[in-house]
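Asker: Below you will find the structure I want to go over with you.
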Amino acid sequence: MSLRKLPNYLRTHRKRLGLSQDQAAFLLGVSSSAKISRYESFTRVPNLETALALEAIYQKPVSELFAGLYEEVQRKVAGRTRTLMREEPGGTDGPQTDHHRVAPLTIIPQQNLNDKN
Amino acid sequence: MTKIDTERSRILAIAPTTRGFGFAVLEDGAILVNWGIRSAEGDKNKQSVAKVKQLITQYQPSLFVLQDMKTSFRRSRVRNLSQKLIGVAAANKVKVAFISLEQVRLGLLTDGRGTKDAVAEALVKKFPQELTPRLPKKRNRPWISEQYNMGIFDALALAVTYHSFLGHKPFPRRP
């Protein structure tokens, strides 16, 4: 079994920049560093606005900051894509000309489509 | 030799110190995920074990790297701690690997010879952004104590050495 990515790499990027949790909290506009600690220890997932603020602070895309979470979401979408392909008339062998059918397949890495999990 | 998934690995390396332990989490040999010192007071081994358990729970490592105590002259408390940590790793189903200081020097220094300061400098070259602020000053007097930051470099040296020797079986030893 291959090792999965950690839910997020916020602590890695914060420490690379030499920021303390208090400084990161200030940049995020939150009153205490406890929230930063919870994000970094994977006990809490930030909302979209906070995630985008983290992207702006650490200068890394959200998908990279939350690599494990991103992988998990990709797997789920891939699973639903497989279901959609099975439910579509013609299945996986059907014509791939419909834009709405091709689009989800092109955004999911092939390995995730093949992954049975 | 313990075999691990070479495509994606997460190594947790622990280096016990007089005040606790230094740790490093290395992913795929190139990403330094976390690094630092955890201090312990009173029953140092008990506290250290609890803190290592937290790190294992958080980072779910594929491998746990410790210093090889067979070839070192560490005190009995540190040897006991090492034994306890092996038990913790086994309880969490994490494989354990042992790296000697000789292997660290062979892995990180060009001629296989040098001090801990030289090893630390080699690591700073590999991870400049992360480690430059933590590089301990060289001791210019023999009676000056080692800076506690050195624990981070000791731990990371174990992890990097393990990763750099992947595929070499058995690990190289000085002739």
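Since every read-out is calculated from the coordinates, none of them should be taken as a lab result. Since the model is a prediction, treat every value here as computed from it, not as a measurement. Because the Cβ atoms are built from the backbone with ideal geometry, glycine has one as well, and the counts that use them run over all protein chains shown.
Asker: Using Cβ contacts closer than 10 Å as the measure, can you line up B:M69, B:M150 from fewest to most?
Answerer: B:M69, B:M150
Asker: Starting from the exponent 0.38 and prefactor 2.2 Å, build the expected Rg for chain B from its residue count and divide its actual Cα Rg by it.
Answerer: Taking the Cα Rg and dividing by 2.2 N^0.38 Å, one obtains 0.97.
Asker: So for the range B:64-175, if I pair up every lysine 8 or more residues apart or on another chain, how many of those pairs have alpha-carbons under 29 Å apart?
Answerer: The result is 27.
Asker: Still on this model: State, as an integer percentage, the relative contact order of the range B:8-120 based on alpha-carbon contacts under 8 Å between residues 6 or more apart.
Answerer: Rounded, it is 23 percent for the range B:8-120.
Asker: A follow-up question, please. I need the Kirkwood Rh of the range B:1-99: take the reciprocal of the average 1/r across all distinct C-alpha pairs and report it in angstrom.
Answerer: Here the Kirkwood hydrodynamic radius works out to 13.6 Å.
Asker: Something else now. Treating the beta-carbon of each Lys and Arg as +1 and of each Asp and Glu as -1, no other charges, what is the dipole magnitude of the range A:10-61 about its Cα centre, to the nearest 20 debye?
Answerer: With Lys and Arg at +1 and Asp and Glu at -1, about 200 debye.
Asker: Can you give the local net charge around A:I57? Use residues other than it whose beta-carbon is closer than 15 angstrom to its beta-carbon, Lys and Arg +1, Asp and Glu -1.
Answerer: Local net charge: +1.
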